[in-house]
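The values are calculated or read from the model by the stated rules, or taken from the named source; none is laboratory data. Please read all numbers here as calculations on a predicted model, not as lab measurements. Every residue, glycine as well, gets a Cβ built from its backbone with ideal geometry; the counts of neighbours run over all protein chains shown. The accessibility values were calculated without ligands, DNA or RNA, using every heavy atom of the protein model including side chains. Shrake-Rupley method; radii C 1.70, N 1.55, O 1.52, S 1.80 Å.
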Amino acid sequence: MRKRVIFLLAGQLWKDAFRSKVLLVALGLMGFLLLFSAFSGWENYHDLNHTRDAIQNEAQESWENNPDKHPHRMAHYGSFALRLKHVLSVFDLGMENFVGNAIFLEAHKQNTVNFSEASMSTGLLRFGEVSLAMLLKVIVPLLIFYLGFATIARERENGTLKLLIGQGISRMEIVFGKWLGLWGLSLIFLLSVFLVVFSFVLLESNEGTFGDSISRFMVLFVSYVLFFAILSAITILVSAFSKTAKGALVKLLGIWLLFTIIVPKSLQALGYYLFPTPSKIEMETAVEHDLIQQGDSHNPDDPHFKALKDSVLQVHKVANVDDLPFNYSGFIMAQGEKLSTEIYKDHQARLFQVYQKQNDLERYSAFVNPYTAIKNLSMAFSGTDFRSFLHFKAEAEAYRYHLAQEMNQLQMDLIPNKGKAGPNVISNSYWKEFPPFEYRFLTVSKVFRNELISILALLLWGILGVFGLTKIATNLKAL
């Protein structure tokens with residue numbers, strides 16, 4: 001293949017495209033949508049993060065300003081954990097509006113994450129919001145198909161293809177020249193979006209987060225470049241196979257509907273049908289049942305904790321809990337906290353396994369639908385996928401458990417048993433020493449491991465695209 005000829009054919013496709021009013025209208029529409037989605041995304045990110053950060057500071061201030069108290073009362077007073085948005089959530093909203101962003105942390109109980117945007121919005125949110133990623137995942141693919149459906153089919157209809165071959169231009173050069181030109185056109189839209197995203201990364205990242213943000217940004221950029229290369233290859237292949245340009249357009253519209261709407265929605269419904277999840281009431285009832293079965297740390301006559309009491313007295317060789325060298329109530333609360341936490345974790349692990357099966361059904365479909373691959377990668381590296389939400393929940397739970405057990409330990413160490421001389425409250429300086437909740441996003445390496453299937457699927461689609469272009473070039477019919 002001659003590079004000069006390939007670039008010449010790619011340039012000719014550009015000239016033909018820019019002569020069309022359709023491209024000019026598309027550029028104008030994309031420009032408007034780009035400005036709108038960038039402005040609304042930035043406002044949403046900035047306002048919500050500012051609000052959540054302020055509430056988190058207020059919760060910590062409220063915790064620290066508590067007066068001298070009994071430690072167990074502080075364990076039940078609890079605190080809040082709020083999920084901050086990653087700067088790249090400006091690019092892809094993902095599941096951001098459909099999962100909660102605040103959780104109340106208290107002893108003996110794992111509360112659900114509440115206050116999602118969807119729960120406080122109208123049903124129109126189900127239709128989605130205009131985001132920068134939505135433009136690249138849904139709108140631009142449609143434009144690629146429209147701009148490229150006639151690249152080969154119409155030239156075959158007009159007899160131009162036969163003339164090109166007659167002038168000594170090989171079929172391979174024609175196919176790859178058209179593909180390169182169409183891919184280059186798509187990159188105009190891609191670069192405009194990612195320049196806006198890069199400016200957000202520069203504005204919002206600090207020394208501690210810049211490396212993470214720029215790494216995620218580069219992965220997203222490369223992924224979308226490859227995705228558009230695949231879509232351009234599909235467009236050229238369909239155009240080459242089709243007898244008429246009209247037939248090519250109909251086929252490509254059908255592919256777009258399958259990729260972006262029919263297959264994803266169908267698999268979501270199928271996943272829920274095959275792997276149904278329990279309702280919130282069913283889940284809470286099951287947890288409560290297991291807690292009662294295992295034992296109640298607040299009930300002195302509970303068989304489990306009565307046996308524990310006997311073993312503790314035997315180990316320390318005393319006849320009464322009041323003679324133990326530590327506060328027995330604090331010890332029992334710590335054991336109860338450990339027991340209830342294990343039960344909650346067990347039930348949630350089983351629930352998340354069901355969610356994982358539902359998600360895997362769609363995740364593996366990336367090998368037959370490149371849209372699924374780019375959607376998963378886009379959400380994951382923007383910090384707005386389901387696994388990022390689960391990571392926040394795990395971080396919040398680790399903080400809650402540490403808080404509760406720290407208060408139990410203070411009770412054991414500083415509060416005397418009944419009948420012993422000593423205070424029943426401790427200084428509020430201990431509240432001030434307890435660190436505030438700080439959420440750290442998943443590391444880039446962890447996101448890579450989570451999305452290995454999507455990465456492999458996208459790479460496979462790239463290889464198949466090149467192979468398909470090579471194969472069709474050897475069998476391209478001039479008439």
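Observations, loosely collected:
- By accessible area, using a 1.4 Å probe on protein heavy atoms only, the range 273-323 has 55% of its surface on carbon and sulfur.
- Over the chain: helical MRE at 222 nm, DSSP H runs n ≥ 4 each giving -39500 (n - 2.57), nearest 500: -23000 deg cm²/dmol
- Dipole axis of the range 203-300 (+1 Lys, Arg; -1 Asp, Glu on Cβ), positive-most option in Thr260, Leu249, Leu203: Leu249
- Among Leu390, Gln405, Met379 - extreme Cα towards positive end, dipole of the range 377-417, charges at beta-carbon: Met379
- A viscosity of 1.002 mPa s and a temperature of 20 °C, combined with the Kirkwood radius over C-alpha pairs in the Stokes-Einstein formula, give the range 342-420 a diffusion coefficient of 135 µm²/s.
- As a fraction of the 1.4 Å probe accessible area of the range 334-450, surface on carbon and sulfur atoms comes out at 54 percent.
- Taking the square roots of five times each eigenvalue of the Cα gyration tensor of the range 1-150, the equivalent ellipsoid has semi-axes of 51, 15, 13 Å, listed largest first.
- Rounded to the nearest 20 debye, dipole of the chain from Cβ charges on Lys, Arg, Asp, Glu: 3380 debye
- For the chain, the longest principal axis of the alpha carbon atoms and the long axis of helix 171-204 meet at an angle near 30°.
- Helix 280-294 vs. the chain, principal-axis angle (Cα, 0 to 90°, nearest 10): 40 degrees
- Separation in nanometres of the label points that stand 7 Å from Cα toward Cβ, at Asn65 and Leu274: 5.4 nm
- Taking the average, over residues, of other Cβ atoms within 10 Å as the packing measure, peptides 281-287, 335-341, 371-377 rank 371-377, 335-341, 281-287 from highest down.
- Surface accessible to a 1.4 Å probe, per residue, for the residues of the chain, Å²: 51 Å²
- Ordering 157-168, 460-471 by mean Cβ neighbour count within 10 Å, with the highest value first, yields 460-471, 157-168.
- As a size descriptor, the averaged projected area of the C-alpha convex hull of the range 229-387 was calculated at 14.5 nm².
- With the convex hull constructed from alpha-carbon coordinates only, the chain shows a mean projected area of 27.7 nm² over all directions.
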